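Report on the structure given below.
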Amino acid sequence: MSKDDNMETKPGRLSPMMKVIEDLRGSGYTTELFVTNGKLHDRERKEFDPTNMTVDSMFRFEGQSDPEYMGILYAVSDKGGTKGYISNAYGTYADGDTDEVIKRMNDIDKHNRSAY
């Protein structure tokens, strides 16, 4: 095993979060969601009501040396069939608006997945 094999990512390899996003997309969670000014939307600026959405899965990423890996990824869906994902940092770097939107979604505490 070379020194480079111990690195969390190598050039050309996906980060742990990007690998999970790739897997989620393969499972139909294709809509990337964002929070701007307290509102949940996709890339086309279509707005979503977080109270009509459910957190299906939650993934925590904890890097030992890189704050980039201190994040949470949520797989979410709504009754209209939209399946997507939203990410946020946690701790000091967390976005408060995103946290508030996630709190308005249903069932968040049931789906905490193990850390990566």
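Since every read-out is calculated from the coordinates, none of them should be taken as a lab result. Values in this document were obtained by computation on a predicted structure and should not be read as measured data.
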At 0.36 nm per residue, and after removing the present C-alpha to C-alpha distance, how many nm does the segment from E62 to T30 gain when stretched out fully? 9.1 nm
Subtract the Cα-Cα distance of K103 and M70 from 0.36 nm times their separation in residues, and report this length gain in nm to one decimal. 10.0 nm
